[in-house]
Structures are given as structure tokens and as C-alpha cells.
Amino acid sequence: MHLPDLNIAKKREKRENIYIELKEDIKKVFTNKKYFLRTYGCQMNVHDSEEIRSYLERLGLEETLNIEEANVIVLNTCAIRENARDKVIGFLGKCHYLKKNHNDVFIVLAGCMCEQPDFVKLIQEKYSFVDLLIGTHNIQDLPHLLTTKFKEQEIEVYSESDEVIEGIQYKRDSKYTAWINIMYGCDKFCTYCIVPYTRGRERSRQKDKIIKEVEELIKEGYKEVTLLGQNVNAYGKDIGEKFSDLLESVAKTGIERIRFVTSHPWNFTDEMIDVISKYKNIMPYIHLPIQSGSNEILKRMNRRYTKEEYLELFHKIKEKIPNVSITTDIIVGFPNETREDFEETLDVVKTCEFDGAYTFIFSPREGTPAARMEDKVSMEEKEKRLYELNELVNYYSNKSNQKLLNKEVEVLVLGESEKDNTKVYGYTDTMKLVNIEGDNIKDTIGKIIKVKITDAKSFSLDGVVVK
Ligand code: SF4
């Protein structure tokens, strides 16, 4: 079947809006067709899926949560998380079954894994029923590729460009809080991390385009934006801008809440601290990964700071930003981490009393320097260390939550609580999850309300609406 080209990108040369104009015969191709989208991994991937969803729906496809009735299946993969590859490969078994019994199904693999040559080779050799692999740099080409390849048998691998494209449209998951990619990629090359290889070098979006996006979101009724980047505070280096200036400009738009993730300690400037403490709509919540408390390990991780430098920054932030909450990431069992190295990490946790921490056992990523490092620490020892660390982290996270007991806090209510649909849930300015009860409680969804905290646990709070 011959499919005429889709007139997809009228303004493509200017890297402006990805514009989709459907010709009548293309419309027919996708009429009554459905897509199933599964997302793995980090927030960056969740946001990429909002973009993928927008393209598919503009082509005329309708989303289904039942994979059996899908004509297009998209798996948006992630290379960072442990076992991610096993999960994707496992899921491909189901896709293969569907493909054999339902010839009309078109299978797309997207995301970070498609930037890993060994994964691409594996798919080409062993899973050739996959129709299209599309890397993180080329999501914008999905409508065109899907349209032209819909009926072809050959596997198509697509991963080329490093351009920054403005004006992307998203089908956002929430009507109240939105993610905004402000930059792509990372230049840090931490030795354990695959991101610089899968998402490329740092590329920043234009400041005025970001501000325009925020202004449009305000008009649509959004209350909160989260500026997103693998290394968000390195924003602007490639285009002569500074993250602190961008943050200030976003604050001046008047949007009610602003957050940003993930900050690298090395790029955290005094100007950023000044701006955060000056504007009430920049939330007092900072995610500041330390990864290890041992200088030797930090050096081998290529983190570019020492424990002392991290602590100096930590205390400066605590001192200058009132009621700030700080969370972190910690890796245990980095190759040849000694008991002494690990104890230095425990010491930092005791000093900082983090509001929360994401903790992981080191797991090697093929193609990274750390994957080639000698490692004599047994998995049993690593698991013991993780357990010990988690006990400590949970103790401080509980302690931090207990401080809010009987206090009144402001919460942006996002929806019904998952475990109890008579309640709603939302987040405080310091990013603490609160489950809330009260009269006509569903009417508060999408609003910022005052809540009195009635119970505090390690990972969430309970509260009632303050009349
Ligand atoms: S800064 Fe973050 S994204 Fe960049 S290489 Fe290090 S861990 Fe990976």
C-alpha cells in the first residue's frame, strides 16, 4: 500500500511548531485505529510520553488501555532503572503474540534504550517483529515515520538529530500541574550514568519560548509548572543564558507554583539561592543528589564536588531559604565501596537529616566507565548496606513529617486518593504527599487549599481541610 507523505512540518526549517495537517487519505488510514502506550522510567520519559500521545492523537488514533485491541503499540523505554531492559524484553513477548494473531498491529520502541547500540542490535537480530525504533532525539519524527511505515515489514531504526525543537505540543497527564522541558541531555558524564550517551549533550531551549509556554499554561488554568532537565541548573550555558535568570522570569509570569528538577550541586549558584528566596511562587523544595558521602567514591563517580563542598552548599541553602525541604539520591555499593566509604555516607545523612532520599544499589550500565570497574563487594553486603541506609533515611523522613503534625499547610490538590476514593491527594509547597478528607472534598481538586495535618508517616501525611 502506498501512503502519500504527510504534510507534517510546514515550519520545520525554523524549528517551530510541529505542524500536522492530515490529508484525507491519511485520515482514512488511522480512522477507528487505537494505540496503547506504556512508559518506563524517569519523569523525563513520562513527559516524552505526553508528547508521543499528542502526536498519535493528532493523527486520529484513540488511546486504549487494553493492549489486545490496539493497532499501534508504543513502548517508551528507559535505560536508567534497574531491570528496565528485562521488563521491556518481557513485554515484547506479549507484543509478539499479538503480532502473530493480529497482523494489523504496529509495534514501536521509543526512548533511551533505542540510543544504545547493543539494544538496537538485539532487537534487530532477535525481535525483528518490532516495526520501528525511535530514539530520544527524534520523537518529533514519529508521526511521519508511523504514517509512511505503517504497512512496511522492514524494521526501521531512527536516531539522528540533536536539534532543540520549540513549540512541541503535549497531551498532558494533569490539568493542574505541567512539566516543561527546558533543556535536553547532559555533559557531566558521571561514570555510572548512561544519560549522556542516550540523551546526548546539553542543549537548552530559548528562554522566551519557555516563558511563552508558561504563559499559555496559566491561561489554560495550570497552577504549577516543573522545569525539567537531566541537569536542570546547567540550563543556558550553550546559549548564553543563566538558570537563575530563567527562574526569575518564570516567577514573574505569576504562575502559582514553580518547581525544578534535577539540580546538580556543581551548578547550584548563589544567584539561584537568592532568586528562590526572593519569590514566594518558587517552591522551597530542592532535590539535590549527593550519591555518596565518600570523597574517594565521589571522585570515581566523577561527581565534581567533595563531601565538604556539598555540605557547605547544603547549609547555605538551609540558612537562606526558609522552611526549605531537601531530598537527595544515594547509590550504595559503587564498585569497591568500603565499609568506611559507606559510613561516610551514613554520616552525611545524619548531618543533613534529608526530608527524603531515593536510594539505589549500584547497577552497571553497559557502555559506562563504572561498568568496567573492578568490584569485590558482594551483592549480599550491598543489600545489607541498602537496608541500613533506608532505615536511617526513613527515620529522618518521618522526623521531618512529624514536625508538620497539627500545623496548617497549603496543598495543591491533584485528584482522588488511590487507596481511598473518599479522600483527595495533593502536595505541600515542600513536596510532601498529603491525603485529605473533608466535606465535598472532590470540589477541591485543582485548587490550592489550607489543610491541617492530623497524622504523619514516613512517606505521607494525612490532613483535613481548614474551613
Ligand atoms: S549529572 Fe545526572 S544525568 Fe548527568 S551524567 Fe551525572 S547522573 Fe547522569
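The values are calculated or read from the model by the stated rules, or taken from the named source; none is laboratory data. What you are looking at is a predicted structure, and each value in this text was computed from that prediction instead of being measured. Every residue, glycine among them, receives a Cβ derived from its backbone with ideal geometry; neighbour counts consider all protein chains shown. The area values use the complete protein model at the heavy-atom level, side chains included, leaving out ligands, DNA and RNA. Shrake-Rupley method; radii C 1.70, N 1.55, O 1.52, S 1.80 Å.
Brief remarks on what is shown
- Percent carbon-and-sulfur accessible area, the chain, ignoring ligands, DNA and RNA, probe 1.4 Å: 46
- Across D329, D347, the residue with the most accessible area heads the list, and the full order at a 1.4 Å probe is D347, D329.
- At the residue level, T39 shows approximately 50 square angstrom of accessible surface with a 1.4 angstrom probe and all protein chains present.
- Sorting 65-76, 110-121 by average packing, meaning the other beta carbons within 10 Å per residue, from highest down gives 110-121, 65-76.
- Candidate residues R53, R201, R58: accessible-area rank, largest first, probe 1.4 Å: R201, R58, R53
- Contour excess over end-to-end distance, with Cα ends at N440 and D347 and 0.36 nm allotted per residue: 28.8 nm
- Using alpha-carbon coordinates, inclination of helix 43-58 to the longest axis of the chain, degrees: 30
- Against the chain, whose longest principal axis comes from its Cα atoms, helix 243-252 is set at around 90 degrees.
- In this structure the stretch 408-465 gives 51 Å² per residue of accessible area when probed at 1.4 Å with all protein chains present.
- Normalised by 2.2 N^0.38 Å, where N is the number of residues, the alpha-carbon radius of gyration of the stretch 289-403 equals 1.08.
- Whole-Hz couplings from phi, Karplus 6.51/-1.76/1.60, listed for the stretch 191-204; x for Gly and Pro: 5, 9, 9, 8, 3, x, 8, 8, 10, x, 6, 5, 9, 9
- A probe of 1.4 angstrom, applied to the heavy atoms of all protein chains, finds I182 with accessible area near 0 square angstrom.
- When the surface is traced with a 1.4 Å probe over the full set of protein chains, H315 keeps roughly 90 Å² accessible.
- 222 nm mean residue ellipticity, helices alone, for the chain (DSSP H n ≥ 4; -39,500 (n - 2.57); rounded to 500): -10000 deg cm²/dmol
- Burial ranking of peptide ranges 366-375, 183-192 (average Cβ count within 10 Å, highest at the top): 183-192, 366-375
- Mean Cβ count within 10 Å, highest first, over the residues of peptides 426-435, 379-388: 426-435, 379-388
- Inter-label distance, nm, simple model (7 Å from Cα along the C-beta direction), Y97/N66: 1.6
- Separation of the stretch 80-147 and the stretch 433-467, taken as the distance between their Cα centroids, equals 41 angstrom.
- Surface accessible to a 1.4 Å probe, per residue, for the residues of the stretch 289-403, Å²: 48
- ³J(HN,Hα), Karplus 6.51/-1.76/1.60, whole Hz, each residue of the stretch 383-393, x for Gly, Pro: 5, 4, 5, 4, 4, 4, 5, 4, 4, 5, 4
- Fully extended contour minus Cα-Cα distance, from K299 to K399, at 0.36 nm per residue: 32.9 nm
- Rule-of-thumb Rg ratio for the chain [Cα; 2.2 N^0.38 Å; N residues]: 1.02
- The stretch 173-260: radius of gyration over Cα atoms, expressed as a fraction of 2.2 N^0.38 Å: 1.13
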